[in-house]
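Reviewing the structure listed below.
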Amino acid sequence: MKNFLAAERAVRAAAPFELLDAVRAALVEHYDAIGVELLMADYGLTVLQPVTELPHTAAPLPLHDTPAGRAFASQDPGSHAVDGAGAVDLFLPVTVRGDRLGVLSVRVPEERCTPEEVAELTALAEILGREIVVADRDTDVYLQARRASRLTLAAEMQWQLLPGRACTRTEYAIGAQLEPAYAIHGDNFDWAVTSETLTLTITNGMGEGIGAALLTNLAVNALRNARRAGIGIADQAALADQALYAQHRGEEYVSTLLLTFELETGRVQAVDAGSPQLWRQRGMSVEHIPFEAQLPLGMFEETDYVAQEFEVRRGDRLLFVSDGVYAALSETGEEYGERMLARAIQAASLLPASAVPRAILLELADHLNAVADDDALVVCLDWFGRDIEA
């Protein structure tokens, strides 16, 4: 524990751009580490990118069929004996509240690979993840390391707008992904939680490129501004609608699905203002949950919105998809459609929420026989519920 506390202090005291150097020095000093490497998951969730000095020249590792990739996917520490070296490579998930950032690779002598020290190193990897999230406010080092290629300006705007790619609490787990990851423009998602509620929004700004990104940015921030004023989702939608109409006079609008979950009861209020769809997996059943369609935000002046109610049960899985998923057309003109989407949801049943969106988007890419050129968004929410004391 003494070694752990000393290493923790060193990491927390490090400058934002020197976190890896601080971790490496601390693990060498306190755990006899032979090598330390930080691998960041890229935006497309296809590779793990080593954090190096610019320009980044170290080769990325595939997320599949590598020990580091398996640790990232399973979120359990992995190990691999180094032949003839008397050492072990440890692969430790770097994760913050369910948001998978990457993997910390640590090579240690075999005699230091005890359950106690592996547990301490695993905890240090989690601490490093939290420090990276804070450091991203002040440095580009870790954001740059995530890039397997250059982001478009629109994609840069969209990724900076997101709350994260996953979130886990006692009552729920969320996972989300956007494609094409390096050229996304109009689709977006947002969430916020209090002690009593979870608010989730799925947005799809019309148009392409920077124009769509600007439109979505205005919509998301208008919704956040209304939400932070403490009002219900119907009024959140109305105020965001007014902001968009005032700016674009109905010429541009944003399709939006807004939901608020009561954490204690599972009661949900929803406002369906456009094209994003909700699907529910309950047991072996997968079905599309329709709502009363209302006008997209910003289409007309002073639109009134009405919230509908439904209930989620413990064990329910909710999938939110944009029209870039369910309405995507293959090269032969075949629509992805409800049947193939339901099949993809079923196929991902055993995966955790954080891994489901990527799995469904891979199925979509197989259907298209290419990476999607239109925005495609998937958000998965697993509902665990809250234990109510008698």
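Keeping to the stretch 42-60, report how many residues are buried (at least 21 other Cβ atoms within 10 Å of the Cβ) and either in contact with a Gly (Cβ under 6 Å, 6 or more places away or on another chain) or under 16 Å from residue 106 (Cα atoms) (or both). The total comes to 2.
Evaluating residue 250 against the criteria (1) part of a loop (DSSP other than H, G, I, E, B); (2) of a type outside the set (Val, Ile, Thr); (3) at pLDDT 95 or above leaves one unmet condition, (3). The residues of the stretch 1-22 that are at pLDDT 95 or above, among the aliphatic types (A, V, I, L, M) and either in contact with a helix residue (DSSP H, G or I) (Cβ under 6 Å, 6 or more places away or on another chain) or exposed (fewer than 15 other Cβ atoms within 10 Å of the Cβ) (or both), listed by number, are 5, 6, 7, 10, 11, 13, 14, 15, 19, 22.
Scanning the stretch 278-334 for residues that are closer than 26 Å to residue 178 by Cβ, in contact (Cβ under 8 Å) with a residue 24 or more places away in the chain and loosely packed, with under 11 Cβ neighbours inside 10 Å yields one hit, 331. Residues in the stretch 182-210 that are part of a loop (DSSP other than H, G, I, E, B) and touching a helix residue (DSSP H, G or I) at 6+ places or on another chain (Cβ under 7 Å): 182, 183, 184, 185, 186, 206, 207. Selection of helices (runs of 4 or more DSSP H) fully inside the stretch 281-383 by the criterion of at least 3 residues being over 23 Å from the mean Cα position of the chain (by Cα) returns 337-347. Screening the stretch 63-87 for residues that are touching a helix residue (DSSP H, G or I) at 6+ places or on another chain (Cβ under 6 Å) and not in a loop (DSSP other than H, G, I, E, B) and picking the one that is modelled with the lowest pLDDT gives 80.
All conditions but one from (1) in contact with a Gly (Cβ under 8 Å, 6 or more places away or on another chain); (2) over 20 Å from residue 38 (Cα atoms) apply to residue 150; the one that does not is (1). Only one entry in 184, 210, 174, 202 is in contact with a Phe, Trp or Tyr (Cβ under 6 Å, 6 or more places away or on another chain) and either surrounded by fewer than 16 Cβ atoms within 10 Å (Cβ to Cβ) or in contact (Cβ under 8 Å) with a residue 40 or more places away in the chain (or both), namely 202. In summary, residue 149 fulfils each of the numbered conditions (1) hydroxyl-bearing (Ser, Thr, Tyr); (2) surrounded by fewer than 20 Cβ atoms within 10 Å (Cβ to Cβ); (3) assigned to a helix (DSSP H, G or I) with the single exception of condition (3).
Annotation note: of 286, 312, 325, the sole residue that is among the β-branched types (Val, Ile, Thr), modelled with pLDDT under 95 and at negative phi is 325.
The values are calculated or read from the model by the stated rules, or taken from the named source; none is laboratory data. All of these numbers come straight from a predicted model, not from anything done at the bench. Neighbour counts run over all protein chains shown; Cβ positions are idealised from the backbone, glycine included.
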